Amino acid sequence: RHICSMVHRQRHSAKFRSVFKEFPYFNYVQSQALDDVLYTNKNFVACAPTGSGKTVLFELAIVRLLIEASDAWHNVRAVYMAPIKALCSQRFENWKQKFGPLGLNCKELTGDTEIDDIFEIQDAHLIFTTPEKWDSMTRRWKDNCLLPSVSLFLIDEIHVVKDKTRGATLEVVVSRMKTMHSYQLAVNPESKASTRFVAVSATIPNIQDVSEWLSDESGPATCLEMDETHRPVKLRKVVLGFPCGSNQNEFKFDLSLNYKMANVIQTYSDQKPTLVFCSTRKGVQQSASVLAKDARFIMSLEHKQRLMKYANSLLDAKLRDLFICGIGYHHAGMDVSDRKLIEEAFTVGDLPVLFTTSTLAMGVNLPAHLVVIKSTLHYVGGACEEYSEADLLQMIGRAGRPQFDTTATAVIMTRSQTKDKYTHFLSGIDSIESSLHTNLVEHLNAEIVLHTISDVNMALDWIRSTFLYIRALKNPKHYGFSPELDKCGIETKLQELCLKNLNSLASFSLITMDEDINIKPTETGKLMARYCVAFDTVKQFSMVTGTETLPELVRNLCCSCKFSDVQLRVNEKKTLNMLNKDKNRTTIRFPMEGKIKSNDMKVNCLIQAQLSCIPIQEFGLIQDTGKIFRNGNRVSRYLTEFLSHHSKSNFSARLNSLILAKCFRAKLWENSPYVSRQLERIGITLATAMVNAGLTTFSKIEQTSPRELEMIVNRHPPFGNQIKEVVIKLPKCEVTLEQIPRYSLSTAEISVTVNLMNFQELASKQTAPDHHYVTLIIGDCDNNVVFQQKILNTLLSKSGSWSKRIEVTRAPKGEELSVHLISSEYGQWSHSPCLAVIKLAIMRQCHHVCKNKELCGHDCCEY
């Protein structure tokens with residue numbers, strides 16, 4: 001109430017009260033943080049148990065920002081960063097309701113959103129993002145003034161800095177935001193602009209190190225560390241060890257735990273909601289099925305009727321049967337509506353037991369009285385690994401429902417051999433370490449492109465801004481350095497580590513280094529940074545020979561480490577194998593030999609299924625396909641630009657990479673009959689109806705009457721007129737070529753013209769987006785690229801044509817040139833993959849004289 005009245009006096013608006021309506025009073029953790037978060041602009045880091053209300057600290061920091069800002073709030077900009085998209089979405093929905101009425105515009109910026117341009121968020125006050133997305137958006141921060149205007153940076157689950165796969169990106173992003181602030185002060189020392197960092201987590205044992213990392217000119221960030229005694233719900237922790245024989249692998253051990261589950265739940269649940277974490281989606285379903293046979297829950301008739309009502313709304317038939325028994329499961333491969341219904345049933349206490357994957361621990365907030373971690377092993381990249389300490393603490397943190405319980409229980413089920421290890425772990429925790437040293441090469445390249453680093457000394461200066469530097473000084477052994485080294489020695493080792501990675505970049509021509517080790521980025525290095533491509537992917541694409549066909553490029557792209565998190569699951573193999581080869585069904589265009597048995601084969605199969613418009617029914621595969629195309633769109637565009645800088649003797653590979661990139665954007669093969677699917681309001685069902693009616697090209701659709709179109713797709717007027725209008729307003733281009741008379745045995749000169757045939761019709765309106773462009777590529781018989789040019793749609797729209805004179809060197813294998821014009825967006829945009837083949841005439845100097853060259857049949861006169 002005090003805060004609301006204070007804000008009310010300063011802002012003259014009762015709307016501020018709505019921000020705090022959900023928490024009329026502050027708990028102990030919030031009260032301890034209040035003065036530092038609300039009454040100062042100091043950087044702040046809090047470590048407090050799950051459920052202690054840390055999110056409120058972020059909201060207080062936002063209120064502080066609003067109090068300090070001008071009346072119009074034009075320059076108010078805060079970023080909320082969380083490690084997973086589900087957490088961003090949850091906070092986005094919540095804060096949109098809280099801060100929206102105050103006039104704050106909220107924008108979500110994750111891998112699931114279509115926003116790629118930083119200027120699309122220029123009107124946003126609150127931005128919700130993941131480390132990976134913010135990394136890609138900030139790699140060109142010096143090119144615009146929007147990013148340096150971020151004055152509040154909120155970091156949720158900051159302990160993820162320790163994660164082997166994602167921690168380095170989080171660390172680099174935070175260090176880059178610090179660099180932006182330092183750069184602003186250097187450019188304008190009188191500027192009052194600053195970026196405040198507020199970070200929270202339930203698991204930061206070495207909080208002082210994080211505080212030092214988030215330091216500013218005034219010193220380290222303010223710390224608030226609360227132990228388990230301040231947990232709203234007191235937690236009992238239990239470790240159960242089960243025998244695992246030498247002949248029993250991890251899979252069999254995991255299965256054996258299913259039959260112990262009923263006893264564990266009966267012993268520790270107190271007949272209250274139980275959340276069981278399993279390592280895989282299949283394990284979730286198996287465990288739930290076994291428990292349904294082994295256990296019976298005491299439920300009233302009214303309770304059973306409520307469960308029956310839920311079950312009738314579920315799409316998953318197996319889940320429906322289990323739900324009636326009071327058991328459910330939840331994982332990312334399920335239909336969204338089923339997941340939301342399960343979350344609702346479990347939250348209100350109607351569902352006694354819920355089995356889920358470990359990813360839920362960092363996503364949707366579903367607290368339970370009892371949390372069971374079934375096995376401490378999980379699969380990462382196809383290999384079995386122990387859960388990280390941070391992951392275990394996140395799962396354990398779900399135990400306890402403050403609104404219902406005063407106590408809660410967390411049970412870890414593990415092997416007898418590791419029982420003591422986890423008992424020790426629950427009594428304390430090791431320090432959080434950096435993982436940047438294992439992923440340094442990509443991030444060094446990004447900073448070189450930003451000109452943050454231009455020599456080895458500046459590389460060390462950049463390292464000093466990272467968490468890696470702080471931890472390397474305190475625990476050098478973890479990073480492979482001798483514990484006897486002093487600060488100067490450790491800095492030397494870090495500099496050597498930088499130099500090793502710089503040499504790796506230079507060996508693939510991503511940077512150049514002179515004798516004094518001055519560093520400059522190359523064009524390919526800039527491409528790597530712009531498209532956020534991993535170094536291993538660059539090395540893989542460097543092996544492209546230049547003669548690759550389209551299916552060979554698809555296979556090459558599927559091996560990119562950008563798809564390493566797409567796992568092949570046992571229950572998917574049957575579906576994937578049917579997509580690959582089946583005499584009785586439509587299958588993918590380029591079948592693979594043998595059975596689908598690896599992750600890259602799965603990626604290949606799903607890409608081709610999408611491009612072939614083959615429907616996929618399984619929600620998990622649909623989700624994977626979406627993820628593949630989000631990354632594939634970017635990686636395929638990188639490949640086209642990489643090849644254009646790589647060699648001149650790669651016409652085949654370059655042409656097919658352009659076609660592949662276009663296919664990813666259009667989500668269709670370049671000559672797919674489902675061409676209408678690219679049009680707005682046309683999905684797979686209507687596109688199939690058009691294909692069945694023979695409307696397999698844009699020209700055929702244009703020639704069909706609106707009423708006939710409506711009959712084909714079973715729609716009412718003016719649907720047919722609208723579809724036809726969209727097709728008519730597509731840009732239609734043609735290429736004309738002419739050889740210029742010139743005498744030479746080795747070279748020839750040709751004039752190429754690209755005409756926008758419907759130039760007049762497009763003057764008022766056109767279907768293609770402004771960023772649409774066409775690529776003209778010409779190759780000779782020796783696989784050389786004679787000419788390549790990107791021609792923007794805006795350029796053609798202004799003049800109606802584009803022309804260029806090109807000098808061509810004769811190829812030993814023949815005089816023919818292949819000319820292709822490829823749209824950036826639309827499949828089957830031209831009637832033929834190759835628009836023209838021109839045969840060059842070789843001019844020889846001649847002294848022939850004639851009176852009328854038009855009538856003369858001599859070679860010299862003919863040309």
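The values are calculated or read from the model by the stated rules, or taken from the named source; none is laboratory data. Fair warning: this is a prediction, and the values are worked out from it, not measured in the lab. So basically every Cβ, Gly included, is an ideal-geometry build from the backbone, and we count neighbours across all protein chains shown. Heavy atoms of the whole protein, side chains included, go into the accessibility calculation; ligands, DNA and RNA do not. Shrake-Rupley method; radii C 1.70, N 1.55, O 1.52, S 1.80 Å.
Annotation: of all residues in region 430-449 being in contact with a Pro (Cβ under 9 Å, 6 or more places away or on another chain) and not hydroxyl-bearing (Ser, Thr, Tyr), the one that is modelled with the lowest pLDDT is Asp430. Answer yes if at least one residue in region 476-497 is closer than 26 Å to Lys133 by Cβ and touching a residue at least 12 places away in the same chain (Cβ under 8 Å), and no otherwise. No, the conditions are met nowhere in region 476-497. When Phe251, Phe242 are checked against the criterion of being hydrophobic (A, V, I, L, M, F, W, C), open to solvent by 30 Å² or more (accessible area, probe 1.4 Å), touching a Ser or Thr at 6+ places or on another chain (Cβ under 9 Å) and assigned by the TED database to the domain that holds Leu351, Phe242 stands alone in meeting it. Per the listing Ser454, Ser434, the residue uniquely within 30 Å of Lys237 (Cα to Cα) and either in the same structural domain as Val544 (by the TED database) or in contact (Cβ under 8 Å) with a residue 40 or more places away in the chain (or both) is Ser434. Cβ separations smaller than 6 Å between residues 6+ apart or across chains give the following pairs from region 550-573 residues that are over 16 Å from Ile596 (Cα atoms) to residues that are of a type in the set (A, V, I, L, M) and open to solvent by 10 Å² or more (accessible area, probe 1.4 Å): Cys561/Ala534. With respect to the conditions (1) under 30 Å from Thr685 (Cβ atoms); (2) without any contact (Cβ under 8 Å) to a residue 40 or more places away in the chain, Glu738 falls short on a single one, namely (1). The single condition from (1) assigned by the TED database to the domain that holds Glu641; (2) open to solvent by 40 Å² or more (accessible area, probe 1.4 Å); (3) touching a residue at least 60 places away in the same chain (Cβ under 8 Å) that Lys520 fails is (1).
If the condition is being at pLDDT 95 or above, outside any helix (DSSP H, G or I) and either in the same structural domain as Gly333 (by the TED database) or not acidic (Asp, Glu) (or both), then region 548-580 contributes only Thr549.
From the list Asp163, Asp216, the lone residue that is among the acidic types (Asp, Glu), surrounded by fewer than 23 Cβ atoms within 10 Å (Cβ to Cβ) and within 22 Å of the chain's Cα centre (by Cα) is Asp163.
Of all residues in region 262-290, which are closer than 11 Å to Val372 by Cβ and within 37 Å of the chain's Cα centre (by Cα)? Thr274, Leu275, Val276, Phe277, Cys278, Ser287 - these are the residues of region 262-290 that are closer than 11 Å to Val372 by Cβ and within 37 Å of the chain's Cα centre (by Cα). Cβ separations smaller than 9 Å between residues 6+ apart or across chains give the following pairs from region 797-823 residues that are open to solvent by 80 Å² or more (accessible area, probe 1.4 Å) to residues that are among the small types (Gly, Ala, Ser): Lys804/Ser751; Arg805/Ser751; Glu807/Ala748; Thr809/Ser746; Thr809/Ala748; Arg810/Ser744; Arg810/Ser746; Arg810/Ala748. Restricted to region 786-804, and to residues there that are of a type in the set (Ser, Thr, Tyr) and modelled with pLDDT of 90 or more, the residue that is farthest from Ala653 (Cα to Cα) is Ser801. Given the criteria farther than 23 Å from Asp391 by Cα and at pLDDT below 80, does Phe119 qualify? Criteria met by Phe119. Only a single item in (1) without any contact (Cβ under 8 Å) to a residue 24 or more places away in the chain; (2) part of a helix (DSSP H, G or I) is not met by Lys178, and it is number (1).
For region 674-724, taking the residues that are in contact (Cβ under 8 Å) with a residue 40 or more places away in the chain and over 25 Å from Pro615 (Cα atoms), the one that is most open to solvent (accessible area, probe 1.4 Å) is identified as Gln722. Of the candidates Ala446, Ala459, Ala408, the single residue that is touching a residue at least 12 places away in the same chain (Cβ under 8 Å) and either more than 28 Å from the chain's Cα centre (by Cα) or assigned by the TED database to the domain that holds Asp254 (or both) is Ala408. Taking residues in region 579-590 that are in contact (Cβ under 8 Å) with a residue 12 or more places away in the chain and β-branched (Val, Ile, Thr), and partners anywhere that are in a loop (DSSP other than H, G, I, E, B) and open to solvent by 100 Å² or more (accessible area, probe 1.4 Å), the pairs with Cβ atoms closer than 9 Å and at least 6 places apart or on different chains are Thr587/Lys581; Ile588/Lys581. If we keep just the residues of region 627-671 that are open to solvent by 10 Å² or more (accessible area, probe 1.4 Å), of a type outside the set (D, E, K, R) and assigned to a loop (DSSP other than H, G, I, E, B), which is nearest to Met528 (Cα to Cα)? Among those residues, the one meeting the criterion is Ser647. Checked against the criterion of being part of a loop (DSSP other than H, G, I, E, B), in contact with a helix residue (DSSP H, G or I) (Cβ under 7 Å, 6 or more places away or on another chain), exposed (fewer than 15 other Cβ atoms within 10 Å of the Cβ) and at pLDDT below 95, region 483-499 contains one or more residues that satisfy it.
Here is a yes/no grid of residues against (1) surrounded by 15 or more Cβ atoms within 10 Å (Cβ to Cβ); (2) not in a loop (DSSP other than H, G, I, E, B); (3) not assigned by the TED database to the domain that holds Ile822:
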{"position": "Arg742", "(1), (2), (3)": "no, no, no"}
{"position": "Ala748", "(1), (2), (3)": "yes, yes, no"}
{"position": "Ser751", "(1), (2), (3)": "no, yes, no"}
{"position": "Val754", "(1), (2), (3)": "yes, yes, no"}
{"position": "Ala763", "(1), (2), (3)": "no, no, no"}
{"position": "Gln766", "(1), (2), (3)": "yes, no, no"}
{"position": "Asp770", "(1), (2), (3)": "no, no, no"}
{"position": "Thr775", "(1), (2), (3)": "yes, yes, no"}
{"position": "Ile778", "(1), (2), (3)": "yes, yes, no"}
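Does Ser287 count as part of a helix (DSSP H, G or I) and in contact (Cβ under 8 Å) with a residue 60 or more places away in the chain? In short, yes. Number of residues in region 181-200 that are of a type in the set (D, E, K, R) and in contact (Cβ under 8 Å) with a residue 12 or more places away in the chain equals 1.
If you go through region 451-460 one residue at a time, do you hit one that is surrounded by fewer than 20 Cβ atoms within 10 Å (Cβ to Cβ), in contact with a Pro (Cβ under 9 Å, 6 or more places away or on another chain) and of a type outside the set (D, E, K, R)? Taking every residue of region 451-460 in turn, at least one turns out to be surrounded by fewer than 20 Cβ atoms within 10 Å (Cβ to Cβ), in contact with a Pro (Cβ under 9 Å, 6 or more places away or on another chain) and of a type outside the set (D, E, K, R). Every test in (1) of a type outside the set (S, T, N, Q); (2) closer than 22 Å to Ala687 by Cα; (3) surrounded by fewer than 17 Cβ atoms within 10 Å (Cβ to Cβ) is passed by Ile614 save one, and that test is (3).
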